[in-house]
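Everything on this sheet refers to the single structure shown next.
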Amino acid sequence: MTDTTLPTPGSTERTTIRRIPEKTVNDRETGYAILDAGFVAHVSVVDDSGQPYVVPVGYARDGDRVLFHGSTGSRLFRGLAEGQPMCLTVTLLDGMVLARSTFESSMNYRGVMVLGSGSVLEGDDKDHALEVITEHLLPGRWSEARHPNNKELAATLVLALDLTEMSVKLSEGPPGDEEDDISRPVWAGVVPIVETFGEPQSAPDLVEPYPVPDYVLAWRRPLP
């Protein structure tokens, strides 16, 4: 359940959308739905030398926070574990918008930006987070595959980022051509982009010809 005391997306000084503000979405549930539909987030952090880096991570939303993990050997992740400020973004590309001019051509997308600092999860919280991440990325897999052993857990940092300060932006619909271009003899419209799961490919070293699990065959990507 969403914490109703959290600030509205885009309502803080740092998250107010100033470029094309009409694309702002102030509904937290819409932002959560975008996070739930994505698999990869990009986390930006600045190291001690002042050099910015952007790191792609698999993630999952757990209530009013985002969970992700990385290696304890990663300098950048150790910095995040120490509380360095970060920016986490998720973008879903829904279509290419072809206007009658290249300037007005664009993309349809849904995006979320989250600002804050992460907290390290340990013990049962860490185990729970790894299950949530696995079930988001690979629904049905946690109950069948081997869970991390002590060595693997020791090599893994699990971080939680509260969704307190976030912004949500959405671009949809047909092209918005200039009036003078409407009569131009050029096709205009939207080319949708839809992600799908392909045919499962069995590992060549299967000991037995195990069938593809039903939960894998049931995987579907949600439509925009």
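The values are calculated or read from the model by the stated rules, or taken from the named source; none is laboratory data. Just so we're clear, the structure is a prediction, and the values are computed from it rather than from any experiment. Every residue, glycine among them, receives a Cβ derived from its backbone with ideal geometry; neighbour counts consider all protein chains shown.
Select, from Glu131, Glu165, Glu195, the only residue that is at negative phi, acidic (Asp, Glu) and at pLDDT below 95.
Being at negative phi, acidic (Asp, Glu) and at pLDDT below 95 holds for just one of Glu131, Glu165, Glu195, which is Glu195.
For the subset of segment 147-181 comprising residues that are small (Gly, Ala, Ser) and more than 25 Å from the chain's Cα centre (by Cα), which member is farthest from Pro9 (Cα to Cα)?
Within segment 147-181, the first condition is being small (Gly, Ala, Ser), and the residues that meet it are 154-155, 160, 167, 171, 173, 176.
From what is left, the residues that are more than 25 Å from the chain's Cα centre (by Cα) are 154, 176.
On the way: Ala154: 35, Gly176: 26 Å.
Only one residue tops the list, namely Ala154.
Do any strands (runs of 3 or more DSSP E) lying entirely in segment 126-218 carry at least 2 residues that are surrounded by 13 or more Cβ atoms within 10 Å (Cβ to Cβ), and which ones are they? Steps first, answer last, please.
Working: elements: 156-162, 165-171, 189-192.
Correct list: 156-162, 165-171.
Please return the ranges of strands (runs of 3 or more DSSP E) entirely within segment 15-98 where 3 or more residues are closer than 21 Å to Thr156 by Cβ.
40-46, 52-61, 65-71
Filter segment 34-51 down to the residues that are out of contact with any helix residue (DSSP H, G or I) (no Cβ under 9 Å at 6 or more places or on another chain) and at pLDDT 95 or above and list them by number.
Ile34, Leu35, Ala37, Gly38, Val40, His42, Ser44 - these are the residues of segment 34-51 that are out of contact with any helix residue (DSSP H, G or I) (no Cβ under 9 Å at 6 or more places or on another chain) and at pLDDT 95 or above.
Does at least one position in segment 38-45 carry a residue that is farther than 25 Å from Arg78 by Cβ and of a type in the set (Ser, Thr, Tyr)?
Scanning segment 38-45, I find no residue that is farther than 25 Å from Arg78 by Cβ and of a type in the set (Ser, Thr, Tyr), so the answer is no.
Just to be sure I understand the filter: pairs with C-beta atoms under 8 Å, separated by 6 or more residues or on different chains, first member in segment 19-45 and closer than 11 Å to Met166 by Cβ, second member assigned to a helix (DSSP H, G or I) and among the small types (Gly, Ala, Ser). Which pairs pass?
Close Cβ pairs (under 8 Å, with a partner that is assigned to a helix (DSSP H, G or I) and among the small types (Gly, Ala, Ser)) amount to Val25/Gly31.
Among the residues of segment 142-189, write down those that are in contact with a Pro (Cβ under 6 Å, 6 or more places away or on another chain) and β-branched (Val, Ile, Thr).
Listed by number, the list holds a single entry, Val168.
When residues of segment 99-124 are filtered for being outside any strand (DSSP E or B) and surrounded by 16 or more Cβ atoms within 10 Å (Cβ to Cβ), how many remain? Step through it out loud before you land on a result.
The initial filter retains those residues of segment 99-124 that are outside any strand (DSSP E or B), namely 99-105, 118, 121-124.
Narrowing the set further to residues that are surrounded by 16 or more Cβ atoms within 10 Å (Cβ to Cβ) leaves 99-100, 118, 121.
Number of matching residues: 4.
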